[in-house]
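Q: I have a structure here, written as structure tokens, and I will follow up with some questions on it.
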Amino acid sequence: MPTLTRWMVKTALGWLVAGLVLGVAMQLPLAARVPALAAVWPTYIHLLVVGWLTQLVFGVAFWLFPRYSAERPRGSERLGWAVYALVNAALLLRLGAEPFRAWAVVRPALALSALLHLAAVGLFIANTWPRLKPRGQSG
Amino acid sequence: MPRLSAWMLRAALVALAVGSLLGAGMLAAPGGGVVRWRPLHAELMLVGWMVQFALGTAFWILPRFRQGAERGREGPGWLAFALLNLGALLAGVGGSVAGPGGWTLAGRTAELLAVAALAAQAWPRVKPFGQAGRAA
């Protein structure tokens with residue numbers, strides 16, 4: 001398994017745990033009295049769907065999809081690491097800012113998180129698309 | 001990779017791109033008009049991206065038959081591919097726009113039929129080691 005895949009799968013597992021911790025925290029009796037916890041539902045969903053599921057898919061696809069070429073079987077490793085950095089930076093920023101989204105001061109952080117996430121998706125697609133070759137079609 | 005899987009995975013990446021674009025718009029401008037497209041964002045990310053990616057990969061990678069077509073008949077798979085994408089669009093747009101009623105119901109029905117067809121095709125390929133199996 002490539003190093004990038006190991007990092008993505010382990011980080012995805014970390015986000016899964018973090019998402020479930022948040023899920024428990026939202027249900028505590030104390031949660032109703034903490035405005036930040038009451039506003040955290042979208043963050044909870046995105047930790048699970050982006051941090052866990054999507055990142056797991058990214059990591060496994062990088063490992064197992066058909067080869068790009070004999071010299072570069074997985075396409076650009078650099079792009080892969082950029083995707084890893086961008087998607088996790090976007091989530092960290094979101095986790096820190098979204099519970100306080102009623103405050104105008106955190107809105108630039110949310111906008112930056114959105115941009116980082118979009119960049120991660122764009123780079124993942126750029127690196128993966130050429131590897132989706134029907135049988136018999138060379139790269 | 002079979003042609004059907006390549007097309008399903010490419011369509012999943014397109015859904016990921018469009019769904020992420022809508023999501024980023026909502027995150028960056030929570031009070032903006034893009035918020036009305038939340039149902040389309042959810043449909044594209046869950047059905048268009050996640051479900052389609054999993055089913056496309058399953059069609060490629062599940063154990064193959066030793067006799068007949070190695071992955072079973074592709075025809076129903078292509079129909080399911082069309083229904084799944086049409087369904088995700090119909091359900092997402094129907095939930096987002098105050099258009100003619102019944103779009104969401106029609107979309108969800110198309111998604112159900114697509115997943116049922118792909119699951120029926122995958123079912124006999126989920127088998128223990130050494131069991132030959134035959135394409136239907």
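Every read-out reported here was derived from the displayed coordinates using simple, explicitly stated rules and does not represent laboratory data. Small disclaimer: the values here were computed from a predicted structure and weren't measured. Here the Cβ is made from the backbone with ideal geometry for all residues, glycine too, and neighbour counts use every protein chain on show.
Q: How much of the pair distance distribution for chain A lies past 19 Å, counting alpha-carbon pairs only, in percent?
A: 55 percent
Q: Taking chain A as the reference, fit the longest principal axis to its C-alpha atoms, fit the long axis of helix A:3-27 to the helix C-alpha atoms, and give the angle between the two in degrees, 0 to 90, nearest 10.
A: Around 20 degrees separate the two axes.
Q: When a/c reaches 1.5 or more, the comparison of a/b and b/c decides; with that in mind, is the range A:46-92 rounded, prolate or oblate per its Cα gyration tensor?
A: Working: a/c = 5.44, a/b = 1.87, b/c = 2.91.
Verdict is oblate for the range A:46-92.
Q: Also, I was wondering about something else. Bin width 5 Å, origin at 0, all Cα-Cα pairs of the protein assembly as shown: what percent of pairs per bin?
A: Whole-percent P(r) values from 0 Å outward: 1, 6, 11, 14, 16, 16, 14, 11, 6, 3, 2, 1, 0.
Q: Choose one of B:P100, B:G87, B:P30: the residue whose Cα lies farthest towards the positive end of the charge dipole of the range B:20-136 (beta-carbon charges +1 Lys, Arg; -1 Asp, Glu; about the Cα centre).
A: B:G87
Q: When all C-alpha to C-alpha distances in the range B:56-96 are sorted into bins of 5 Å, what percent of pairs does each bin hold, rounded to whole numbers?
A: The calculated distribution, bin by bin, is 6, 20, 19, 19, 13, 10, 7, 4, 2, 0.
Q: Another one. Over chain A, what relative contact order in percent results from Cα pairs under 8 Å that are six or more residues apart? Let's see the in-between values first.
A: Values: 148 pairs, mean separation 37.0, N = 139.
Over chain A, the number comes to 27 percent.
Q: Which three semi-axes in whole Å describe the equivalent ellipsoid of chain B, each the square root of 5 times a Cα gyration tensor eigenvalue, listed largest first? Please list the in-between numbers first.
A: Working: eigenvalues 227, 47, 19 Å².
Calculated on Cα positions only, the semi-axes equal 34, 15, 10 Å.
Q: Which residue, chosen from A:A97, A:S113, A:S69, occupies the Cα position most advanced towards the positive end of the dipole of chain A, where the dipole is computed from +1 (Lys, Arg) and -1 (Asp, Glu) charges on Cβ about the Cα centre?
A: Looking along the dipole axis, the top candidate is A:S69.
Q: Hey, how many Å between the Cα centroid of the range A:30-49 and the Cα centroid of the range B:68-120?
A: Answer, in whole Å: 32.
Q: Of B:P2, B:L16, B:A54, which is farthest towards the positive pole of chain B's charge dipole, taken about the Cα centre with +1 and -1 on the beta-carbons of Lys, Arg and Asp, Glu respectively?
A: Most positive-ward Cα: B:P2.
Q: Can you give the Rg and Dmax of the range B:64-136 based on its C-alpha atoms, in angstrom?
A: 16.3, 54
Q: To continue, here is another question. Peptides B:78-87, B:28-37: what's the order by average Cβ count within 10 Å, highest mean first? Write out the running numbers ahead of the final one.
A: Details: B:78-87: 20.4, B:28-37: 14.2.
Per-residue mean Cβ counts within 10 Å order the peptides as B:78-87, B:28-37.
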